Amino acid sequence: GDLISLFDTCLNEAGLAIAPEPKYSNNEAIKVGLLKAGEVNYNAGVVVYAHGSATMLKWAESIVDMNGQFPGDQDVLSYLIRHEHLPVYELPQIYNWRMAQGPNPKAVIIHWVADWGKQHIKKEMILGKI
């Protein structure tokens, strides 16, 4: 889909826009004790940022400084957003739609997660569909 309107979403205090994890994913993280009620994780599959964003710099530095404390880069960013109360613009889910949620004809960016998603992409490439 058209991504032009996406570029205005990072024109905020943080210079950053990102989609939260889908509700079912955040609920599961709360259920297993990885998040507290009301907290949110963010998905770093699509990140829109302004050049020189202080939040992006903080994230990059924290990935290096805290790399042994988190499973991945998006976990570091989610932690920073929550614990340092960093402002972000939350992208609508259509800009980072997980196919695990089922098809969505309104999705602009589709995120094929996990091994099954990558296998699907590989198959489509072999068949010449993408």
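The values are calculated or read from the model by the stated rules, or taken from the named source; none is laboratory data. For clarity, every value in this text was computed on a predicted model and none was experimentally measured. Heads up, the Cβs are rebuilt from the backbone with ideal geometry, glycines too, and the neighbour counts pull from every protein chain shown. Quick note on the areas: whole protein, heavy atoms, side chains included, nothing else; ligands and nucleic acids left out. Shrake-Rupley method; radii C 1.70, N 1.55, O 1.52, S 1.80 Å.
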On C-alpha positions alone, give me the angle between the axis of helix 54-65 and the longest principal axis of the chain, in degrees, nearest 10. 90 degrees
Have a look at the DSSP beta bridges in the chain and tell me what percent are antiparallel, nearest 5. 55 percent
Fraction of accessible area attributable to carbon and sulfur, the chain (%, probe 1.4 Å): 58 percent
For His111, other-chain or 5+-apart residues with amide H closer than 5 Å (H placed, Pro excluded) are Trp97, Arg98, Met99
Which of these values of mean projected area of the Cα convex hull in nm² was calculated from the structure shown: (1) 9.3; (2) 7.5; (3) 8.7? (1)
Compute the long axis of helix 114-126 from its Cα atoms, compare it with the longest principal axis of the Cα atoms of the chain, and write down the angle in degrees, 0 to 90, nearest 10. 40 degrees
Please compute the length gained on full extension between Asn67 and Glu13, using 0.36 nm multiplied by the number of residues separating them and subtracting their Cα-Cα distance. 16.8 nm
Taking θ = phi - 60°, what integer Hz values does the Karplus form 6.51 cos²θ - 1.76 cosθ + 1.60 yield along the range 93-98, in sequence order, with x for Gly and Pro? 4, 5, 8, 7, 7, 8
DSSP loop GluC sites (Glu not before Pro) with at most 12 other Cβ within 10 Å: longest gap in the chain: 14-83
FRET efficiency estimate (nearest 0.05) - Cβ-Cβ, Leu57 to Ile94, R0 35 angstrom: 0.80
If exposed means no more than 15 neighbouring beta carbons inside 10 Å and the site is in a DSSP loop, what's the longest run of the chain without any exposed trypsin sites (Lys or Arg not before Pro)? 37-105
If you average the alpha carbon positions of the range 18-35 and of the range 80-100, how far apart do those two centres end up, in angstrom? 11 Å
For the residue pair Ile4 and Leu86, what label-to-label distance in nm results when each label sits 7 Å from Cα along the Cα-to-beta-carbon direction? 3.0 nm
Using Cα positions and a limit of under 28 Å, work out the lysines in reach of Lys106, with same-chain residues fewer than 8 apart set aside. Lys23, Lys118, Lys122, Lys123, Lys129
Amide H contacts under 5 Å for Met66, restricted to residues at least 5 apart in sequence or on another chain and with H modeled in the peptide plane, are none
